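These notes are about the structure you will find just below.
The values are calculated or read from the model by the stated rules, or taken from the named source; none is laboratory data. Keep in mind the model is a prediction, meaning the values are calculated, not measured. All Cβ positions, glycine included, derive from the backbone under ideal geometry; neighbour counts span all protein chains shown. Side chains included, ligands, DNA and RNA excluded: accessible areas come from the protein's heavy atoms. Shrake-Rupley method; radii C 1.70, N 1.55, O 1.52, S 1.80 Å.
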Amino acid sequence: LSQQVVNLLNSLLGLLYQEYRDKSTRQEIETRRLQDSQTEPEENSASEETPSETEAASTPESKAAPQISLLRNSTSRFNLWQDLPEIRSSGVLSILQPEEIKLQEAMFELVTSEASYYKSLNLLVSHFMENERLKKILHQSEAHILFSNVLDVMAVSERFLLDLEQRVEENIVISDVCDIVHQHTVNHFSVYITYVSNQTYQERAYKQLLQDKPAFREVISQLELDPKCKGLSFSSFLILPFQRITRLKLLVQNILKKVEEKSERESTALDAHKELETVVKACNEGVRKMSRTEQMISIQKKLEFKIKSVPIISHSRWLLKQGELQQMNGPKTSRTLRTKKLFREIYLFLFNDLLVICRQIPGDKYQVFDSASRGLLRVEELEDQGQSLANVFILRLLENADDREVSYMLKASSQSEMKRWMISLAPNRRTKFVSFTSRLVDCPQIQCVHPYMAQEPDELSLELADVLNILDKTDDGWIFGERLHDQERGWFPSSMGEEILNPKIRAQNLKECFRVHKSDDSQRRKVGSRNRQ
């Protein structure tokens, strides 16, 4: 099989990882659409696991699915394990159970996608980083910030890929790959944390170079136009390591869903997944740490305390939400008065452990007149109060800056803004729909069909094919969701996804999610209660 594997991987290297990843996730969306459209699914399709990147292309359902234009080109069909001539001629396909064939595809996909990823990394280094014109333009420190430790990342990917290839060559039926994933994650993948933690510096340096150095801008544009890049931007190459480490965790999840329960392969998959999750979390924290610190320093400079000063900057504190609301003036008996001064503007800074209530004053400053611990906040929605009191809610501070209980009647600009404030202020308040962590048999779900980049701290960035439980929704087009594969929560526009209507598919998604996370069952509620905070 050795030469066959080499030939296959060489042919796959024609696909850059960005292309491979985009096509595979879109195929996954199409397959799930077809499954969802079957109002009375057959027993075997109802229990179908979430399709993998390569498996999706092999199922009869996906062949019949309405194809996205990106996938219409016949040359884009993925190379499958079962398409290898040695596999077809060996007769092994008639011996293996369908579940084992799916598992083989899931494991083989991890190998082929790593080959595609390595191809893109190699292009980032050889085409961009080692370009002589670029080297002359960039100062050594600028080049270091821009490319960070990408050489270490590429070396780790190469070593990882060689071990995976060797495993595939050992036998026409792959024994396992998750043991290799586990070993490399524990021993080598810390290079990803270093690279991803540099992301904030990297993005800032890139923008600054584009702005300050016309020669840099010109060379990058010319390099991007090279046919090797296939129309992809330089920045899409820079972000590859973060995308890959996240995707690798999902590929292991996909294997985990297909292995036999209580088997040795399930054990190695769970171990690999646990270690990958640790690395991914460390990457996320590394990205957030610097931007959070800078943001806290900036906020501290803008605040002037009318009450006893509260130290804002803390290593364990970060901003969850900020913005303007309208506070109702006067006693409750004046609620029905329709005067222009019924409400006045206030400004809230909500941190993970503290609420600061201010009024904006000249000079882009904010005067703090009250504060409270976030754990001592309660919210209550006002209903059927008429148009003048639409989107109004009560915020209670059980113990404010003066050690007494006070209430504020606050008006938001829209229904979604009101709900977003209420959920941020009181995160343990019951939402419209119950989270999957309650182990409900069913819950509304949505799959992402358009990627979304979070614009505010309480929003959730989405990748194509993400599946989320819908916890709340608004009439003006926003959804509060919990992503199944990592239990991250946040708001996003409803136009980014399509609701999954088939209850059997929703139940299967939940079942798979429980299985993937059963190794850390004791911590699920802790993780689920955190926002992207």
Selection status of K249, in a loop (DSSP other than H, G, I, E, B) and open to solvent by less than 40 Å² (accessible area, probe 1.4 Å): no
Residue within segment 151-158 that is assigned to a helix (DSSP H, G or I) and either outside the structural domain of K274 (by the TED database) or within 13 Å of M107 (Cβ to Cβ) (or both) present: no
Residues that are in contact (Cβ under 8 Å) with a residue 24 or more places away in the chain and polar (S, T, N, Q), drawn from segment 243-277: Q243, T246, Q253, N254, T268
Number of the exception - K281 against (1) touching a residue at least 24 places away in the same chain (Cβ under 8 Å); (2) open to solvent by 20 Å² or more (accessible area, probe 1.4 Å): (1)
Residue in segment 202-212 that is among the hydroxyl-bearing types (S, T, Y), part of a helix (DSSP H, G or I) and touching a helix residue (DSSP H, G or I) at 6+ places or on another chain (Cβ under 9 Å) present: yes
Positions within segment 163-184 being outside any helix (DSSP H, G or I) and either open to solvent by 60 Å² or more (accessible area, probe 1.4 Å) or at pLDDT 90 or above (or both), in sequence order: N171, V173, I174, S175, D176, V177
Count - residues of segment 487-501 that are surrounded by 20 or more Cβ atoms within 10 Å (Cβ to Cβ) and in a loop (DSSP other than H, G, I, E, B): 2
Segment 459-485, residues that are of a type in the set (D, E), under 25 Å from Q243 (Cα atoms) and surrounded by fewer than 22 Cβ atoms within 10 Å (Cβ to Cβ): E459, E463
For E277: the one exception among (1) closer than 30 Å to H182 by Cα; (2) touching a strand residue (DSSP E or B) at 6+ places or on another chain (Cβ under 9 Å): (2)
Top-ranked residue of segment 199-217 - restricted to ones that are buried (at least 18 other Cβ atoms within 10 Å of the Cβ) and of a type in the set (A, V, I, L, M, F, W, C), ranked as farthest from R133 (Cα to Cα): A205
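Residue-wise test of (1) out of contact with any strand residue (DSSP E or B) (no Cβ under 8 Å at 6 or more places or on another chain); (2) among the basic types (K, R); (3) open to solvent by 50 Å² or more (accessible area, probe 1.4 Å); (4) over 25 Å from V156 (Cα atoms).
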{"site": "V191", "(1), (2), (3), (4)": "yes, no, no, no"}
{"site": "S197", "(1), (2), (3), (4)": "yes, no, no, no"}
{"site": "V219", "(1), (2), (3), (4)": "yes, no, no, yes"}
{"site": "P227", "(1), (2), (3), (4)": "yes, no, yes, yes"}
{"site": "S236", "(1), (2), (3), (4)": "yes, no, no, no"}
Residue among L146, L134, L124 that alone is closer than 24 Å to L15 by Cα and outside any loop (DSSP other than H, G, I, E, B): L124
Criterion violated by S388 - all others in (1) open to solvent by 30 Å² or more (accessible area, probe 1.4 Å); (2) at pLDDT 90 or above satisfied: (2)
Failed condition for R359, given (1) under 20 Å from F480 (Cα atoms); (2) charged (D, E, K, R); (3) part of a strand (DSSP E or B): (1)
Residue in segment 83-98 that is closer than 14 Å to Y20 by Cα and crowded, with 17+ Cβ neighbours inside 10 Å present: no
